[in-house]
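The values are calculated or read from the model by the stated rules, or taken from the named source; none is laboratory data. All values reported here derive from a predicted model rather than from experimental measurement. Methodologically, a virtual Cβ is constructed for each residue, glycine included, from the backbone with ideal geometry; neighbour enumeration extends over all protein chains shown.
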Amino acid sequence: MVAQTRTPRATWIDAGLAALAAGGPDAVRVDLLAKALDVTRGGFYHHFDSRRVFLDALLETWEHRSTDEVLDRVEAEGGDARDKVRKAGMLTFSKELLPIDLAVRDWARRDKAVARRLRRVDNRRMEYLRALIMTFSDDADDVEARSMLAFSLAIGSHFIAADHPGSSRRHVLARATQRLLS
């Protein structure tokens, strides 16, 4: 007789993050995830006591991936401060992490606990930006302004639907980033 294997915790979390990114927290349902994974609900409850515990695990994983893992990778790959700012932005708002980040931001508008977590994540990101920008600007007001503009550009550019006549969006974003970091 072959031993039955349980669906790994990480598989549930990855499926939950995909559901969160696609439809927000209301789309994160045990039944729907079990069906998508082609497993029973029982495996879910082996790893998580409740849906609330699962949602907290999703947020914890998002936080770890979008801060610890990003910052560790940026530091490991090295480069000057300007390169690190660019790299951190690219990784933080990559096609894998951006949809989750946007879903968490939307969720935070309706849930105070999620808003507190988002504030912690954004504060950590801003602290890192400030530290990097301080290496080429010694004016505290300038550092804060550049950090805010860089972070706003990274997040806000995903909400702007405007065309860029005569230029590609990628080129405009690269120029804007270059101006912030010069």
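Quick notes
- Inside the range 1-57, residues that are in a loop (DSSP other than H, G, I, E, B), buried (at least 17 other Cβ atoms within 10 Å of the Cβ) and out of contact with any Lys or Arg (no Cβ under 9 Å at 6 or more places or on another chain) make up a count of 1.
- Which listed residue is touching a helix residue (DSSP H, G or I) at 6+ places or on another chain (Cβ under 9 Å), at pLDDT below 95 and on the phi < 0 side of the Ramachandran plot, from Leu129, Leu153: Leu153
Matching residues to (1) closer than 30 Å to Phe136 by Cα; (2) of a type in the set (Gly, Ala, Ser):
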{"residue": "Ala10", "(1), (2)": "no, yes"}
{"residue": "Lys35", "(1), (2)": "no, no"}
{"residue": "Ser50", "(1), (2)": "no, yes"}
{"residue": "Leu55", "(1), (2)": "no, no"}
{"residue": "Glu63", "(1), (2)": "yes, no"}
{"residue": "Thr67", "(1), (2)": "yes, no"}
{"residue": "Glu75", "(1), (2)": "yes, no"}
{"residue": "Asp80", "(1), (2)": "yes, no"}
{"residue": "Ser94", "(1), (2)": "yes, yes"}
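- No other residue among Leu102, Leu20 is under 30 Å from Ala150 (Cβ atoms), in contact with a Leu (Cβ under 7 Å, 6 or more places away or on another chain) and at pLDDT 95 or above apart from Leu20.
- Scanning the range 19-41 for residues that are of a type in the set (Asp, Glu) and closer than 20 Å to Arg109 by Cα yields one hit, Asp26.
- Flag if His164 is more than 23 Å from Ala22 (Cα to Cα) and modelled with pLDDT under 95: yes
- Cβ-Cβ under 6 Å pairs, at least 6 apart or on other chains, the range 24-42 side closer than 19 Å to Asp56 by Cβ, far side of a type in the set (Val, Ile, Thr) and surrounded by 15 or more Cβ atoms within 10 Å (Cβ to Cβ): Arg41/Val30
- If the condition is being part of a loop (DSSP other than H, G, I, E, B) and polar (S, T, N, Q), then the range 136-182 contributes Ser137, Ser157, Ser167, Ser168, Ser182.
- Applying the condition of being in a helix (DSSP H, G or I), among the β-branched types (Val, Ile, Thr) and closer than 25 Å to Gly78 by Cβ to the range 114-135 and asking which residue is farthest from the chain's Cα centre (by Cα) yields Ile133.
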